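J.: This is the structure I want to talk about, given as structure tokens.
The values are calculated or read from the model by the stated rules, or taken from the named source; none is laboratory data. Model, not experiment: these values are computed from the prediction. Neighbour counts are summed over all protein chains in view; Cβ atoms, including those assigned to glycine, are modelled from backbone coordinates with ideal geometry.
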Amino acid sequence: MEKSKPRSNGITRRTFLKGTTGTLIGLSALSSFKARAQNSVKLGVVWPLGVNPAGLEMQRAADYAANVVNTEKPFNYPELIPEWAGIPGLNDAKLELVYKDHGFDPEKAAQAVKELKGENVVGILGALNSQATLRASEAAVDAGLPMITSSAMLSPLTKRGVDSFFRICSDSVQGAKSLFAALSNFMDELSEEEKALVPTNYVYLTYEYPGVEDDLEMIRGFAEDGVEGEFEGIFSFDSLIIENETPLGTVVDEIGSLGLSSNDALVSVLPSNAALFVVKELAKQYPTVEERPGIVFADPLQTTLQGLVSELPPEAMRGWRWTLSNVQFFPGVFGADADFASDYIGKFRDDFEENVNPVNPMNALGFTGIHTWAAILDHAGSTRSSDIVQAAKEIQLIDIMTTNWNGIAFGETEFGDVNANIDVIPGTAHLDAQGNLEIVELPGGFTPSSTYANLNIITNYSCLMNCVTIGVDANITQLQSIRQTTIDNHARYSWDSHNTSYSSTNTEVETNVDTTVKSSASLF
């Protein structure tokens, strides 16, 4: 994976933060638009709330993050912010969060932004999933409000040329590049016998959305041509676009018509409940384990993973050679015993767990969104939208929650994005022989075997395609043991069952052949 590079003149992120933040605040205070003395500054937050577990988990973390901004804390993380008692650049104004619920309805998300404009918010954080975020961001432009998303991952969101919209997480194209880079580089380490077990043809299964054809062409380039100077393109590529409202039974039939074999891998970008149903049905079509294709889940928030852990029996999971791509969050570092990790995040981690929950994908995104907004407002020293947008383009933050121990810096990408996070590293993971998840590489030279960054305490049977011991050769007893270990780990790191994440209620709806694929149901 490509590592983030320092800014010009060799200024590192940590040096930038510690060496210049005071200067930047001082300069902004001299600007023509000085921060007005005020008791609080309002930020609008648009998520699916009600009793939705995903939104509620993000809300708890966001409230906690606002408290860290507003009250001095004995932490080292996030940089500088625990020392605050309000936002310094706004005369120590308290950060006040104003929430609106969209219930996964894009039109409700747009209406929520319009209402927040009337409540004098200075900007928007939201709206969890991509379809709601698209409509909310359009409404934010109309309202003249800057907007940040920490979770919406469809690539076209940052390809619209919207100057006031920013994305913290990696997108679907960045995740695909990382996947094929990891696969290509891993092939170099395999024996000829092992290489024969790795699928070489990758079929992308995705729902329909604006810009999907352009995204697939870029991903085809990663698979077939690689990226000069980074990795070789050694795979073939195909795709299957599922129209909205297509019944899952039809989706399974279309996949079956492709005649996939062990030389193929299906890359699913479907909502997790749909992806899980597809796997269960494909297991019936491929009763012979050795003939099953590989499966890659674009699973940024590990929602598909949770469904596999809780619902897929070992007999159905044999042979698929699981992989997760575009992973935004590896919680293992929060449990590291090394002095490096304990000194830096130990007190923060313990306080977070006491007041929110153990760190998981959803609350990490909620916290990071507020952390980023607070840093931008401080740097802007102003509540004027144009000053906030300019400040967002200038900040550079350390983030250990959602960017895989890298950072947050908004800019243009090689893929034509505007205001995307150019420092994020999408994760691609493989499984060790004990069923522990390892990532390929961390910034700063850390690897999964590093003493300082051992991430092997989470999940599960997601692995790069060379994990043949777990994928093809594992027996039912081994898989049952791994599954139980994974369930135990998820009791600590999970936020809720994947099925409940698509509804504004906690009522689980059975997925069957007549259930339709809906882009608005995708959690990312």
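J.: Any idea which of Val227, Val162, Val203 is surrounded by fewer than 23 Cβ atoms within 10 Å (Cβ to Cβ), farther than 30 Å from Ile395 by Cα and not polar (S, T, N, Q)?
T.: So the residue among Val227, Val162, Val203 that is surrounded by fewer than 23 Cβ atoms within 10 Å (Cβ to Cβ), farther than 30 Å from Ile395 by Cα and not polar (S, T, N, Q) is Val203.
J.: Further, regarding this structure: When the residues of the stretch 128-140 are filtered to those that are in contact with a helix residue (DSSP H, G or I) (Cβ under 6 Å, 6 or more places away or on another chain) and modelled with pLDDT of 95 or more, which remaining residue is nearest to Trp47 (Cα to Cα)?
T.: Ala136
Rundown of residues vs (1) surrounded by 23 or more Cβ atoms within 10 Å (Cβ to Cβ); (2) of a type in the set (S, T, N, Q); (3) in the same structural domain as Ala62 (by TED's automatic domain parsing); (4) more than 19 Å from Asn67 (Cβ to Cβ), yes/no style:
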position: Leu80; (1), (2), (3), (4): no, no, yes, no
position: Ile87; (1), (2), (3), (4): yes, no, yes, no
position: Leu90; (1), (2), (3), (4): yes, no, yes, no
position: Glu96; (1), (2), (3), (4): no, no, yes, no
position: Tyr99; (1), (2), (3), (4): no, no, yes, no
position: Gly103; (1), (2), (3), (4): no, no, yes, yes
position: Pro106; (1), (2), (3), (4): no, no, yes, yes
position: Ala109; (1), (2), (3), (4): yes, no, yes, yes
position: Lys117; (1), (2), (3), (4): no, no, yes, yes
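J.: From the list Val296, Val278, Val333, exactly one residue is assigned to a helix (DSSP H, G or I), at pLDDT 80 or above and under 23 Å from the mean Cα position of the chain (by Cα). Which is it?
T.: Sole residue among the options that is assigned to a helix (DSSP H, G or I), at pLDDT 80 or above and under 23 Å from the mean Cα position of the chain (by Cα): Val278.
J.: Let me ask something additional. From the residues in the stretch 121-161 that are of a type in the set (S, T, N, Q) and out of contact with any strand residue (DSSP E or B) (no Cβ under 6 Å at 6 or more places or on another chain), which one is farthest from Gly211 (Cα to Cα)?
T.: Per the criteria, the residue is Ser150.
J.: So if I check each of Leu49, Leu17, which one is closer than 20 Å to Phe367 by Cβ and at pLDDT below 50?
T.: Result: Leu17 is the single residue among Leu49, Leu17 that is closer than 20 Å to Phe367 by Cβ and at pLDDT below 50.
J.: Just to verify a result, which residue in the stretch 23-37, among those that are part of a loop (DSSP other than H, G, I, E, B) and surrounded by 13 or more Cβ atoms within 10 Å (Cβ to Cβ), is modelled with the highest pLDDT?
T.: Filtering the stretch 23-37 for residues that are part of a loop (DSSP other than H, G, I, E, B) and surrounded by 13 or more Cβ atoms within 10 Å (Cβ to Cβ), the one modelled with the highest pLDDT comes out as Ala35.
J.: Another one. Between a first residue in the stretch 124-152 that is among the basic types (Lys, Arg) and a second residue that is surrounded by 24 or more Cβ atoms within 10 Å (Cβ to Cβ), which pairs have beta carbons less than 7 Å apart while being 6 or more apart in sequence or on different chains?
T.: Arg135/Ala109
J.: Out of the residues in the stretch 232-286 meeting the condition of being touching a strand residue (DSSP E or B) at 6+ places or on another chain (Cβ under 9 Å) and aromatic (Phe, Trp, Tyr), tell me which one is farthest from Tyr209 (Cα to Cα).
T.: Only one residue tops the list, namely Phe235.
J.: Do any residues in the stretch 158-172 that are acidic (Asp, Glu) have Cβ atoms under 8 Å from those of residues that are part of a helix (DSSP H, G or I), where the two are at least six apart or on different chains, and which pairs are they?
T.: Final answer for the pair search is Asp163/Val389; Asp171/Ser155; Asp171/Leu157; Asp171/Thr158.
J.: Also, quick follow-up: Filter the stretch 178-208 for residues that are of a type outside the set (D, E, K, R) and part of a loop (DSSP other than H, G, I, E, B); which is nearest to Glu290 (Cα to Cα)?
T.: Within the stretch 178-208, the match that is nearest to Glu290 (Cα to Cα) is Leu197.
J.: Residue under question is Glu119, and the condition is that it be charged (D, E, K, R) and at pLDDT below 95; does it hold?
T.: Criteria not met by Glu119.
Each row is one residue, and each column tells you yes or no for (1) over 29 Å from Gly407 (Cα atoms); (2) not aromatic (Phe, Trp, Tyr).
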position	(1), (2)
Ala140	no, yes
Ile148	no, yes
Met153	no, yes
Ser178	no, yes
Asn185	no, yes
Pro199	yes, yes
Tyr207	yes, no
Pro210	no, yes
Leu216	no, yes
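J.: Scan the stretch 113-122 and give yes if some residue there is within 17 Å of Ile376 (Cα to Cα) and not in a strand (DSSP E or B), otherwise no.
T.: Yes, there is a match, as at least one residue in the stretch 113-122 is within 17 Å of Ile376 (Cα to Cα) and not in a strand (DSSP E or B).
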